[in-house]
Amino acid sequence: MPEELPQLDRETLCQWSTLSYPGLVKELCALFIGSELIPKDDLTDLIDRAFSRFRHREVVHLSRLRNGLNVLELWHGVTYAFKDLSLSCTAQFLQYFLEKREKHVTVVVGTSGDTGSAAIESVQGAKNVDIIVLLPQGHCTKIQELQMTTVLKENVHVFGVEGNSDELDEPIKTVFADVAFVKKHNLMSLNSINWSRVLVQMAHHFFAYFQCTPSLDTHPLPLVEVVVPTGAAGNLAAGYIAQKIGLPIRLVVAVNRNDIIHRTVQQGDFSLSEAVKSTLASAMDIQVPYNMERVFWLLSGCDSQVTRALMEQFERTQSVNLPKELHSKHSPVLPCPCLCSQVPGSCPGCWPDP
């Protein structure tokens, strides 16, 4: 996580409101990536290159349904997964630094489906990157499995493993905890453990907000509700950071039967169920949403000790009851969007029944 989060004012939001999706990615990346790391012109070129293979001219498209309901189409990348968006940028940043420093890295990725194929697509054929993908056999869709196992580039290595994605995350986490081993073999990850993944995903929320808001002239700014389907909570963390730096959105988490985040938000119960339940949305079949660590850190006022204690207890016991002061911040009572002083959900003119 960045040590400090910038704060965006109304003027900046108004300026950004007319930008394209790639334009928003450029502005957000420039907030966190200093020109001493990547000069602005180089950053612009890398992001343009990242999105050059997307099928839709807007890269991301907001499809308007009825009664104020919209769907943000994030599936116009090569593998049809929303992770094409952030991984295509992350891979460009990675290769930029590797070429500059004349280095080679080995990327290790665990997948529940879409991350593996999107990560492979983003770096296949790169001369300074080898990628190792651990594929949980029987837990991915057939299309995703074929996307991963039919790539014939020499730098791509896919291994079928027993167990689900949570179980294969454990050895990967153990490997990355061994700093000497990581340095010796130049290892890195392209899972959403990687900050640049979360950084680029913040643009989804800004783009959706500006597309859904007809005017930014009102005081306060309009509130937009964003429903985020989630597994490891990377896109959720991105939305929460966007909210923290000034975007007026209300986040609603959507999960399947693997409901640890639902229980965390509703009851403060951050604990594993007995087993991962297989569903048709296999990429969401996750019981250890590791990006919740970022959410807890932000909720705790960036208190690293509190966050570390929570996560260490979770690793030991697989169960944590969030402290009341932390849990209460998960579900803040927001003002009604029409400023009628009612709690959202109780005003029939603004919100559907909860």
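Counted as qualifying within region 7-52 are the helices (runs of 4 or more DSSP H) with 1 or more residues that are more than 21 Å from the chain's Cα centre (by Cα), closer than 23 Å to Y209 by Cβ and of a type in the set (S, T, N, Q), namely 10-16, 40-50. Within the set A232, A180, A208, A238, the sole residue that is in contact with a Pro (Cβ under 9 Å, 6 or more places away or on another chain) and among the aliphatic types (A, V, I, L, M) turns out to be A232. Could you give every pair whose Cβ atoms fall below 7 Å, whose first residue belongs to region 83-103 and is closer than 14 Å to L199 by Cα, and whose second residue is among the aromatic types (F, W, Y) and open to solvent by less than 50 Å² (accessible area, probe 1.4 Å), counting only separations of at least 6 or pairs across chains? That search, which allows pairs on different chains as well, returns S88/F51. Is it fair to say N186 is touching a His at 6+ places or on another chain (Cβ under 8 Å), surrounded by fewer than 22 Cβ atoms within 10 Å (Cβ to Cβ) and of a type outside the set (A, V, I, L, M, F, W, C)? When the stated conditions are applied, N186 passes them. Of the helices (runs of 4 or more DSSP H) lying entirely inside region 192-298, those carrying at least 3 residues that are under 22 Å from H61 (Cα atoms) and touching a strand residue (DSSP E or B) at 6+ places or on another chain (Cβ under 7 Å) are 195-212, 234-244.
Within region 64-71, none of the residues are without any contact (Cβ under 8 Å) to a residue 60 or more places away in the chain, surrounded by 14 or more Cβ atoms within 10 Å (Cβ to Cβ) and out of contact with any Gly (no Cβ under 6 Å at 6 or more places or on another chain). Across region 1-15, the qualifying residues are those that are among the charged types (D, E, K, R) and farther than 11 Å from I245 by Cα, and the one among them that is most open to solvent (accessible area, probe 1.4 Å) is E3.
Would you confirm whether or not region 21-32 contains a residue that is surrounded by 15 or more Cβ atoms within 10 Å (Cβ to Cβ), among the charged types (D, E, K, R) and either in contact (Cβ under 8 Å) with a residue 60 or more places away in the chain or touching a Ser or Thr at 6+ places or on another chain (Cβ under 8 Å) (or both)? Scanning region 21-32 turns up at least one residue that is surrounded by 15 or more Cβ atoms within 10 Å (Cβ to Cβ), among the charged types (D, E, K, R) and either in contact (Cβ under 8 Å) with a residue 60 or more places away in the chain or touching a Ser or Thr at 6+ places or on another chain (Cβ under 8 Å) (or both). For region 87-111, filtering for residues that are open to solvent by 10 Å² or more (accessible area, probe 1.4 Å) and in a loop (DSSP other than H, G, I, E, B) leaves 3.
The values are calculated or read from the model by the stated rules, or taken from the named source; none is laboratory data. What you see is a predicted model; the values in this text were computed from it and never measured. Virtual Cβ from ideal backbone geometry, glycine too; neighbours counted across all protein chains shown. Note: areas computed on protein heavy atoms with side chains; ligands, DNA, RNA excluded. Shrake-Rupley method; radii C 1.70, N 1.55, O 1.52, S 1.80 Å.
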